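**Q** Here it is, the structure in full.
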Amino acid sequence: LANQFYNEANPAIHYETTGPEIWKQSGEKVDFFVTGVGTGGTATGAGKYLTDMNPDCKVVCVEPTESRVHLGEAHSPHGILGIGAGVPTHFLTNLAPDQPLGPGPRGHVSEFASCSTEEAVSWVTQLAAMEGLMVGPTSGATFKVAMDVAKRPEAKGKTIVVIFASHAIRYTDHPLWKPMMEEAAKALPKPPNLSKDANIILWKSSD
């Protein structure tokens with residue numbers, strides 16, 4: 001999507017497709033919707049659809065603890081690629097253009113929560129080991145916040161929808177892969193044999 005931070009087609013398509021898909025697949029019951037800030041398109045579009053369907057639905061936007069710019073705090077480097085561009089997003093700030101930056105609510109967004117890079121990596125590792133879900137660092141961040149939300153007394157018995165935006169394979173240079181890279185480095189020869197002249201092994205299934 002060209003110019004996705006400002007292209008109005010971004011939140012529009014999430015309102016027209018992502019929101020209805022979530023609403024249908026959840027059995028028309030969504031009490032909390034947790035998504036990364038990113039471009040702001042998902043929270044703005046899908047979040048608006050879900051609050052239109054259920055005015056009591058709480059939309060929770062997640063940004064890196066190291067870069068809580070939607071609270072008006074300073075940006076600093078972080079490792080949660082995809083949800084913390086370091087500047088307040090056009091779509092989310094425009095939900096209440098005259099309102100100062102803060103924890104929320106802002107328009108239909110109920111609050112801005114956060115997750116640190118370390119916490120995101122920890123949850124990514126747990127999701128892979130315990131649930132078989134290979135997700136990226138942004139998903140670790142949104143899941144961490146979803147777990148925080150689930151612990152709240154008012155969330156008991158409620159339906160919480162959390163967005164996992166990407167697969168972990170996109171982040172092979174990310175620190176979340178460090179343990180696997182170290183294991184592979186010990187197991188593989190240094191350097192690995194990349195010769196194209198290796199002998200071809202021929203065999204017959206009848207042998």
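**Q** Would you kindly state how much longer the chain becomes between His167 and Val87 on full extension, computed as 0.36 nm times their sequence separation minus their alpha carbon distance, in nm to one decimal?
**A** Numbers: separation 80, 0.36 × 80 = 28.80 nm, distance 2.45 nm.
Fully extending the segment from His167 to Val87 adds 26.3 nm.
**Q** If I take R0 = 25 Å and measure r between the Cβ atoms of Gln25 and Gln99 in this structure, what FRET efficiency does the formula 1/(1 + (r/R0)^6) give, to the nearest 0.05? Intermediate values should be presented prior to the final figure.
**A** On the way: r = 33 Å, r/R0 = 1.31.
The calculated FRET efficiency here is 0.15.
**Q** In percent, how large is the relative contact order of segment 1-158, given Cα pairs closer than 8 Å and 6 or more residues apart?
**A** Details: 277 pairs, mean separation 34.3, N = 158.
So the answer I get is 22 percent.
**Q** May I ask you to derive the relative contact order of segment 1-51, considering only C-alpha pairs under 8 Å and at least 6 residues apart, and to give it as an integer percent?
**A** Details: 50 pairs, mean separation 26.4, N = 51.
Averaging sequence separation for qualifying contacts and normalising by length gives 52 percent for segment 1-51.
**Q** Per residue, how much accessible area does segment 1-116 have with a 1.4 Å probe, in Å²? Show your work: numbers first, answer last.
**A** Numbers: 5240 Å² over 116 residues.
It amounts to 45 Å² per residue over segment 1-116.
**Q** Over the chain, what percent of the accessible surface lies on carbon and sulfur atoms, probe 1.4 Å? Before the final figure, lay out the partial values.
**A** Details: 6810 of 12090 Å².
Carbon with sulfur: 56 percent of the solvent-accessible area.
**Q** Which of the trypsin sites (Lys or Arg not before Pro) across segment 1-60 are loop residues per DSSP, with 12 or fewer other Cβ within 10 Å?
**A** Working: sites: Lys24, Lys29, Lys48, Lys58; in loops: Lys29.
Passing sites in segment 1-60 are Lys29.
**Q** Please give the contour-minus-distance gain from Lys196 to Ala12: 0.36 nm per residue of separation, less the Cα-Cα distance, rounded to one decimal in nm.
**A** Between Lys196 and Ala12, full extension yields an extra 61.1 nm.
**Q** If you compute Rg and Dmax of the Cα atoms in Å for the structure shown, which of (1) 21.0, 79; (2) 18.9, 62; (3) 16.6, 64 do you land on?
**A** Derived directly from the coordinates: (1).
**Q** In deg cm²/dmol, rounded to 500, what helix-only [θ] at 222 nm does the chain give when every DSSP H run of at least 4 residues adds -39500 (n - 2.57) and the total is split over its residues? Kindly include the intermediate steps, with their values, before the conclusion.
**A** Numbers: 7 runs with 68 residues, N = 207.
Only helices count here, giving -9500 deg cm²/dmol.
**Q** Starting from 0.36 nm per residue, how many nanometres of slack lie between Ala74 and Thr159 once their C-alpha separation is accounted for? Could the numbers behind the result be given before it?
**A** Working: separation 85, 0.36 × 85 = 30.60 nm, distance 3.32 nm.
Full extension from Ala74 to Thr159 adds 27.3 nm.
**Q** For the chain, how many pairs of lysine residues have a Cα-Cα distance under 28 Å, where the two are 8 or more positions apart or belong to different chains?
**A** Close lysine pairs found across the chain: 28.
The values are calculated or read from the model by the stated rules, or taken from the named source; none is laboratory data. Keep in mind that what you see is a predicted model, and the values were worked out from it rather than measured. Positions of Cβ are generated from backbone atoms using ideal geometry, with glycine treated the same way; all protein chains shown enter the neighbour counts. Remember, those area values only see protein heavy atoms, side chains included, never the ligands or the DNA or RNA. Shrake-Rupley method; radii C 1.70, N 1.55, O 1.52, S 1.80 Å.
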